[in-house]
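See below for the structure under consideration.
All of the numbers you see were taken from the coordinates with simple rules; none came from a lab. Treat the numbers as computed from the prediction; the structure is a model and nothing was measured. Counting neighbours? That spans all protein chains shown, and the Cβs are built from the backbone with ideal geometry, glycine included.
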């Protein structure tokens, strides 16, 4: 664990800005929790929409309307892709928040914030066409995190590669994606196929 930075919780010291570094990290955590809540609401809306499509698919098959059932099944599959992305984003943000809370405690700024900034940047791009307001705010948060990493690096003599998809950032996103896949499989029923429905009839 790296040595705690002098001036971590004061407006003066190695980082000379209007706000102390600790306060800026606290604000970032608060803002990220707000975006996490928005993702949670978007995820619940998608889940409800998916449930409605699934029920329509089953009803169409029960009536022998395979064409309409196929249409609903395809729509449901697309909604599930969005649901997976939202869930993956939620899990990744939860991981990011845990890391930032560690920064609060230990002041381990460079090693923690570098990967965190990469994850935020990646999520911003992925969520742009789904929840643009969250994507925009994540972009602002990512910029602020990047500034903090650069400032601490200059003050401490440490360096961090701010490439958006560093190895550590990729690991966080991959773990979140795998967990999202597992959770969706546990939560959602398999889409019925026209062939299986005809066999039952």
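Calculate, in nm to one decimal, what residue 168 and residue 150 gain on full extension: separation in residues at 0.36 nm each, minus their alpha carbon distance. Kindly include the intermediate steps, with their values, before the conclusion.
Working: separation 18, 0.36 × 18 = 6.48 nm, distance 1.78 nm.
Extending this stretch completely gives an extra 4.7 nm.
Measuring from centroid to centroid over Cα atoms, what is the spacing of the range 172-191 and the range 22-76 in Å?
If we compute the Cα centre of each part, the gap is 13 Å.
Estimate the FRET efficiency between residue 66 and residue 133 by the formula 1/(1 + (r/R0)^6), using the beta-carbon distance for r and 41 Å for R0, to the nearest 0.05.
0.55
Fewest to most neighbouring Cβ within 10 Å: what's the order for 31, 45, 80?
Working: 31 15, 45 12, 80 18.
Ordered from fewest to most neighbouring Cβ atoms within 10 Å, 31, 45, 80 come out as 45, 31, 80.
Run the simple label-point estimate for residue 30 and residue 49 please: 7 Å along Cα→C-beta, distance reported in nm.
Placing both labels 7 Å along Cα→Cβ, they lie 3.2 nm apart.
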